[in-house]
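I have a structure I would like to understand better, so I am pasting it below and will then ask my questions one at a time.
The values are calculated or read from the model by the stated rules, or taken from the named source; none is laboratory data. Note that the structure is predicted; figures quoted are calculated from it, not measured. Positions of Cβ are backbone-derived with ideal geometry, glycine not excepted, and every protein chain shown enters the neighbour counts. Heads up: the accessible areas ignore ligands, DNA and RNA and are worked out on the full protein's heavy atoms, side chains in. Shrake-Rupley method; radii C 1.70, N 1.55, O 1.52, S 1.80 Å.
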Amino acid sequence: MNEEYSVIGRNVPKIDGRAKVTGQAKYTGDLKFPNMLAGKILTSPHAHARIISIDTSEAEKLPGVKAVITHKDVPSLKYGISPARWDENIFCIDKVRFVGDKVAAVAALDEETVYRALKLIKVEYEVLPAVFDPMEALGEGAPQVHDEYPRNINTEIHQHFGDVEKAFAEAFHVRTDRFIGQRTYQCPIEPHSAISIWEGGKLTVYTSTQSPHYFQYYIARQFGLPMGDVRVIKTYVGGGFGGKLEPTGLEFAGAVLSRITGRPVKMFYDRHEMFAHNRGRHRQVMEITSGVDRDGRLLGVHANFIMDGGAYTSLGIATAYYAGAMLTLTYDFENYKFDMVRVYTNLPACGAQRGHGAPQPRYAFECHLDNVAKDLGIDPLEIRLRNARKPNTVTPNEFKVNSCELTACIQKAREISRWDDKKGKLPKGRGIGIAAGSFVSGAGYPIYRTNLPHAAAIIKVHEDGSAATLYTGATDIGQGSDTVLCQMAAEAMGFTYENMKIVAADTETTPHDFGAYASRQTLMSGAAVKQAGEEVKAQILEMAGIMMSRDPGDLDCRKGIIFMKSNPENTRTFAEVAREYFVRKGPLVGRGAYTPPKLGGAFKGAPVGTSPAYSFAAQVSEVEVDEETGEIKVREVWDVHDCGTVINPALLHGQVHGALFMGMGEAIWEEVHFDANGKILNPNLSEYRMPTALDMPRISSELVKSYEPAGPWGVKEVGEGATIPTMGCYANAIYDAMGVRVYSLPLSYEKVWRALKEKREKETRQDKGGF
């Protein structure tokens, strides 16, 4: 607890906690409006097929059906969230590109009628050859997912900083490893849902979203509306993790159905449809080559990746750049080369999942670094200390790093995990591993080009001064940003958290904010809130100076009490001064906005990965592997984070626990499987294996002292950064336990069992003198 501050740095109850635990919180699926219709989307049963005809006549005749729409009834303008590749239509026009692609939609009086109507829509297809593997998709003669992109190349990146070839030539040791990351899905508990109401030329959308602003912008663009005629309201959100950042067919189709029928239309995805819509983690093939000196210090790195993007771009271009850009942050080296091809396939589109493109490459690099350490006979923790990035440095790709306490993170992880007592000394079948990572505290540039501030905020003090309301477009999706921002507002005002209210994420009543992605809100939204709060405080102190006949410079305000610095016993309450302000001058309002400084270089792709600040972390895990079954038990995990000044310790550690949960799932169990025709085999929470509370290990979440000059009160992120090292940390511990490495995710029990079996068979052959 920091006594310098009154409100931040302390655990306070979540501002929405009572509403959620008592069931008062209303998610989009809970909302009801008079005369509301139910809507659903008809999707393709084929991975790749030409649409010959669509007959909706029988569906239209069904009693209770109010509208049936296809591509003929909606704008033909292509959309997407990455402007460089707008390649998706509301409904498919000429052909479908994956199992689950959007073909038509129905609105009816109830869900039962909707499902019956969907079965009555007759679509004639000409089935085309499909391609599901990115390596095959690049081959000559492969089926073309989009005719305008030869060889199915969605994005191709070639970046070179310094002289990698020279670094390799001068290196004492050069090693190449190849890793494979799997497709995974975010699996938020709450399904995607949207309610559209089109009345009098104005469209209102209630939706489960991570960014009301981006939804508003892209929906307005699609329908040719001024942004002021589109109102997007975020309801309570049951998790997003990147998958709810862009509009879906629900918002677009629902809007058209509402306009045609003149009634509200509720649309939703079931769990299967969520998996098909996807926008989860890309499958990546990652080849990493590093050159090091005798002491294991990195001289140069070459990352050569291929990424399965699925049928559409989504946020995939940014994901592709992030995959390579973020590899330069954690360790200090001068020479770097990055080659990437993102490939179209006839599978669901991939996008941004917690850590956006960085966790799998970091897994690969951390495993690769352990291999290099073994080749040189260096302790894995020691090689990380030798290469750890220092503060006030610049990466090869021109990311400016201000605060960085990675060395302290690694040293503290060594201490609390008792690394020196365990490494190489644990019983057979047990192992310990380490990995490090880093992440952005907000993207330096928005998703589309605009000069709007990245965040804005308004604070209005109530007329009697008893409470204050924060108006912000920032988006709480369960991570607690509403709570943190109210703490920051109260601190900046000299007010009390208990008397703060919040109105958030409504494009008509709250100021602009880009929303919840890239771990941006504590720093960026927080900076705007701090500025607004300080403006309120300045006005309060000016009025108090008049009331107390004192110079405002001799006054301060903490916890709702205004006092003289020279005589702290002389006080007035915030409430009485605020009321007097309203009587004399009218509403007491503070405003704030935040735009980051110009960041990054001038080369192609330079904006991706830029940020005003970066977090750093080290993680150690201890695992136990059953050599007979391959079963993996994670016994304990230690996370040490450099995330600047802490606003709410409980929420911070909750983010770390959640990140470890997700990282553990992706490392050991999670993978989306498809049959030979591109149909998802496990689109449910029964067969898509995720960790449960019973699988979770003991977790120690610790911090090192850090202050970030670019953040309000010195803050940085933690929510996604804690995900970055996790897969590599578990993989290295499993490697330490079994003595053989598995090079593809997930590190399933079966893969581990087979690797151990092959190891035993090899040892048996060697004992017998064989090869």
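FRET efficiency for E750 and K705, Cβ-Cβ distance as r, R0 = 30 Å, nearest 0.05?
It comes to 0.10.
If you find the alpha carbon centre of segment 214-273 and of segment 113-156, how far apart are they in angstrom?
Taking the Cα centre of segment 113-156 as reference, the centre of segment 214-273 is 25 Å away.
Expressed as a whole percentage, what fraction of the accessible surface of the chain belongs to carbon and sulfur atoms when a 1.4 Å probe is rolled over the protein heavy atoms?
Carbon and sulfur: 50 percent of the exposed surface of the chain.
For the chain, what proportion of DSSP beta bridges, expressed in % and rounded to the nearest 5, is antiparallel?
Percent antiparallel among DSSP bridges in the chain is about 75.
Work from the charge dipole of the chain (Cβ charges, +1 for Lys and Arg, -1 for Asp and Glu, about the Cα centre) and give the residue of V583, I54, G291 farthest towards its positive end.
V583
FRET efficiency for T764 and D375, Cβ-Cβ distance as r, R0 = 35 Å, nearest 0.05?
0.85
Working out 0.36 nm times the residue gap between D420 and L31, then minus their Cα-Cα distance, what length gain in nm do you get to one decimal?
Taking D420 through L31 to full extension adds about 134.5 nm, to one decimal.
Could I ask something else about it? Of the labelled options (i) 44.7; (ii) 42.7; (iii) 36.0, which one gives mean projected area of the Cα convex hull in nm² as computed for this structure?
(iii)
On full extension of the chain, what length is gained from Y448 through D695, given 0.36 nm per residue of separation minus the C-alpha to C-alpha distance?
Going from the current span to full extension adds 84.9 nm.
For the chain, what is the mean residue ellipticity at 222 nm derived from helices alone (per DSSP H run of n ≥ 4: -39500 (n - 2.57); sum divided by total residues; nearest 500 deg cm²/dmol)?
-8500 deg cm²/dmol
Moving to a separate point now. Going 7 Å from the Cα of T176 along its beta-carbon direction, which residues of segment 137-169 have the amide nitrogen within less than 14 Å of the resulting point?
Once the point is set 7 Å along Cα→Cβ of T176, 165, 168-169 turn out to lie under 14 Å by backbone N, inside segment 137-169.
If you average the sequence gap of Cα pairs under 8 Å that are 6 or more apart and divide by the length of the chain, what percent do you get for the contact order?
It comes to 15 percent, rounded to a whole number.
Could you tell me what percent of the DSSP beta bridges with both partners in segment 357-503 are antiparallel, to the nearest 5? Show your work: numbers first, answer last.
Numbers: 7 of 11 bridges.
Once the DSSP bridges in segment 357-503 are tallied, antiparallel ones form about 65 percent.
Still on this model: Can you tell me the relative contact order of segment 217-337? Whole percent, Cα pairs under 8 Å, sequence separation 6 or more.
Details: 86 pairs, mean separation 20.8, N = 121.
Rounded, it is 17 percent for segment 217-337.
In addition: Hydropathy first: keep DSSP H helices in the chain averaging at least -1.0 on Kyte-Doolittle, then drop any whose Cα extent along the axis falls short of 20 Å, and list what survives.
Details: long enough: 359-376 (26 Å, -0.72); 526-548 (32 Å, 0.41); 649-668 (29 Å, 0.77); 749-767 (27 Å, -2.27).
TM-like helix candidates: 359-376, 526-548, 649-668.
Pulled fully out, how much extra length does the chain show between L109 and T22, if you take 0.36 nm times their separation in residues and subtract their Cα-Cα distance? Show your work: numbers first, answer last.
On the way: separation 87, 0.36 × 87 = 31.32 nm, distance 3.04 nm.
Value of the extension gain: 28.3 nm.
Quick query: amide H of E702 versus all other amide H atoms, modeled in the peptide plane; which residues come in under 5 Å with a sequence gap of 5 or more or a different chain?
Hits under the 5 Å cutoff: D639, V640, H641.
On average, how much accessible surface per residue is there in the chain, in Å², for a 1.4 Å probe, leaving out ligands, DNA and RNA?
37 Å²
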